[in-house]
Amino acid sequence: MSQTTKKSAAIRIEKLLDDNSFVEVGSYVTARSTDFNMAETETPGDGVITGYGTIGGCLVYVYSQDNSVLGGSMGEMHAKKIVNIYDQAMKMGAPIIGLIDCAGLRLQEATDALDAFGKIYLSQTMASGVIPQIQAVFGNCGGGMAVSTALADFTFMESEKASLFVSAPNTLDGNHIDTLDTSSAKYQSETTGLVDGTGTEDEVIEQIKTLVSVLPANNEDDMSYDECTDDLNRAVDIVGCVEDATLALSYISDNNFFFSVKKNFAPEMVTAFIRLNGQTIGCVANTSKYFDEDGNVALECDKTLTAKGARKATEFIDFCDAFQIPVLTLVNVKGYAATKGTEKHMAKAAARLTYAFANATVPKVSVIVGDAFGSAYLSMNSKSIGADMVYAWPQAKIGMMDAREAARIIYEQEIEASDDQVATINAYTNQYNELQSSVISAARRGYVDDIIDPAQTRQRLIAAFEMLFTKREDRPAKKHGTI
């Protein structure tokens with residue numbers, strides 16, 4: 001970093017990469033514009049440090065914006081340096097990581113700066129689905145830079161000082177930053193779902209390192225594996241984790257490894273990475289409760305499919321499919337969320353989730369651990385839309401709707417005419433359960449491949465994904481779908 005002051009931008013790179021592995025590219029580049037006395041302004045590196053190094057021995061490319069140079073603003077040469085390492089990352093098939101601290105568009109360069117942003121967008125678009133793109137916001141990320149951040153696959157944000165926005169909070173009609181900070185890490189992670197993880201600067205950097213360790217380097221790389229030191233046949237006591245999918249998944253995973261994605265957004269839907277026999281697995285799961293370390297309920301959610309939850313899962317599945325990461329689904333859903341707010345988006349969100357699962361060609365395995373009712377169940381990687389293997393726990397229920405409610409509708413007249421309506425409802429409920437809603441009924445019809453002991457879940461999943469390792473599946477010839 002010979003031509004740049006060792007400020008926060010350089011320190012972040014040092015923290016992120018393996019010791020002494022960083023090689024800077026373009027250190028002598030400075031701003032080219034001479035308008036508005038720019039020729040007399042010092043612009044070392046044009047406000048961004050670019051280069052490559054390793055994380056855990058794996059090659060990555062990185063750029064880190066330097067806010068000590070014109071606020072880290074985006075200018076022509078600033079963008080040219082970023083585009084250059086995008087080109088290199090694409091050639092090498094390596095992930096690219098952006099450490100963001102940008103004042104936005106450089107006003108002194110106007111259309112040149114606009115064109116610069118456009119070239120970065122183009123590079124990101126070409127890289128999408130080819131190499132993983134990760135960005136972390138440590139300072140300002142406004143306007144056009146916010147669009148760049150949204151184009152990345154994963155976004156992290158420092159929780160106290162960072163700000164991410166298209167329009168600053170105070171510019172929104174009827175809003176003030178003191179009442180609603182739409183640029184905060186809290187808002188962007190909990191409300192918009194743009195940010196995957198938050199924390200202190202050091203915590204964010206550690207999250208990126210962990211994420212890189214489980215991701216393939218590119219869409220043709222099958223080296224996202226680690227040596228498994230856990231017992232492949234280890235029994236897992238997870239019957240009590242039906243409601244908390246995060247616990248169930250961590251117990252199933254090798255050495256309890258669990259990396260949550262978008263944890264704070266739509267908490268009723270869990271998206272995460274685990275490892276099974278050393279292989280990275282992408283997980284999508286319904287959850288209705290989160291337990292703390294003492295076993296107390298820390299958060300409770302409805303056991304329904306929401307529009308936000310469907311969107312969260314859809315984006316995650318698309319990423320996994322693009323990078324050949326197998327998908328595991330834990331199903332426990334009783335239907336769609338029914339509110340005025342979610343109804344505006346529910347049908348389209350559910351359609352996109354259904355499409356994402358059906359269109360994905362990676363190995364897909366589902367485990368029905370609780371309720372699986374209605375078309376919400378179909379959307380959650382059911383056999384009907386292309387799951388390769390579907391398992392169910394013995395106590396699972398699969399059907400159109402809750403058996404008791406179904407019995408009330410089908411046998412309404414008989415129930416009303418009965419002298420003991422409660423006993424009659426119970427009898428018809430048991431009958432409906434046996435004929436239509438039991439896991440055995442679903443297995444007899446081929447909608448479930450096997451009914452498994454919960455304790456054997458890890459063992460059976462490892463065997464299933466090993467069997468599916470060489471899966472090949474074609475889709476009709478087309479440019480792309482339109483859902």
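The values are calculated or read from the model by the stated rules, or taken from the named source; none is laboratory data. Because the structure is a prediction, the values reported are computed rather than measured. Because the Cβ atoms are built from the backbone with ideal geometry, glycine has one as well, and the counts that use them run over all protein chains shown. Ligands, DNA and RNA are stripped out before the accessible areas are found, and what is left, the full protein with its side chains, is counted by its heavy atoms. Shrake-Rupley method; radii C 1.70, N 1.55, O 1.52, S 1.80 Å.
Considering every residue within region 187-195, establish whether at least one is among the charged types (D, E, K, R), over 30 Å from Lys91 (Cα atoms) and in a helix (DSSP H, G or I).
Among the residues of region 187-195, at least one is among the charged types (D, E, K, R), over 30 Å from Lys91 (Cα atoms) and in a helix (DSSP H, G or I), which makes the answer yes.
Against the conditions (1) touching a residue at least 24 places away in the same chain (Cβ under 8 Å); (2) closer than 23 Å to Phe319 by Cα, where does Glu206 fall short? Just the number, please.
Among (1) touching a residue at least 24 places away in the same chain (Cβ under 8 Å); (2) closer than 23 Å to Phe319 by Cα, Glu206 violates only (1).
Every residue in region 327-351 that is touching an Asp or Glu at 6+ places or on another chain (Cβ under 9 Å) and modelled with pLDDT of 95 or more, please.
Matches in region 327-351: Val327, Val331, Asn332, Val333.
Looking only at region 432-483, count every residue that is β-branched (Val, Ile, Thr), open to solvent by less than 40 Å² (accessible area, probe 1.4 Å) and assigned to a helix (DSSP H, G or I) and tell me the total.
Count: 3.
Can you tell me which residues in region 340-355 are open to solvent by 80 Å² or more (accessible area, probe 1.4 Å) and over 24 Å from Ser384 (Cα atoms)?
Lys340, Glu343, Lys344
So, in region 338-370, of the ones that are basic (Lys, Arg) and within 25 Å of Ala477 (Cα to Cα), which residue ends up farthest from the chain's Cα centre (by Cα)?
It comes out as Lys348.
State whether one or more residues within region 345-363 are in a strand (DSSP E or B) and either over 30 Å from Leu232 (Cα atoms) or out of contact with any Lys or Arg (no Cβ under 9 Å at 6 or more places or on another chain) (or both).
No - not one qualifying residue is present in region 345-363.
Please enumerate the residues belonging to region 273-324 that are in contact with a strand residue (DSSP E or B) (Cβ under 7 Å, 6 or more places away or on another chain), hydrophobic (A, V, I, L, M, F, W, C) and closer than 15 Å to Phe258 by Cβ.
Residues satisfying the conditions are Phe273, Ile274, Ile281, Cys283, Val284, Ala285, Phe291, Phe316.
Going by the structure shown, is Asp181 surrounded by 15 or more Cβ atoms within 10 Å (Cβ to Cβ), at pLDDT below 95, assigned to a loop (DSSP other than H, G, I, E, B) and over 16 Å from the mean Cα position of the chain (by Cα)?
The answer is yes for Asp181.
Filter region 369-410 down to residues that are touching a residue at least 60 places away in the same chain (Cβ under 8 Å), part of a helix (DSSP H, G or I) and either open to solvent by 20 Å² or more (accessible area, probe 1.4 Å) or under 18 Å from Asn426 (Cβ atoms) (or both), then give me how many there are.
Number of matching residues: 2.
Looking only at strands (runs of 3 or more DSSP E) that lie completely in region 228-328, which have at least 1 residues being more than 22 Å from Leu468 (Cα to Cα) and hydroxyl-bearing (Ser, Thr, Tyr)?
Passing ranges, in order: 259-261, 289-291.
Out of all the residues in region 24-41, is one or more surrounded by fewer than 20 Cβ atoms within 10 Å (Cβ to Cβ), hydrophobic (A, V, I, L, M, F, W, C), outside any loop (DSSP other than H, G, I, E, B) and modelled with pLDDT of 95 or more?
Looking through region 24-41, none of the residues is surrounded by fewer than 20 Cβ atoms within 10 Å (Cβ to Cβ), hydrophobic (A, V, I, L, M, F, W, C), outside any loop (DSSP other than H, G, I, E, B) and modelled with pLDDT of 95 or more.
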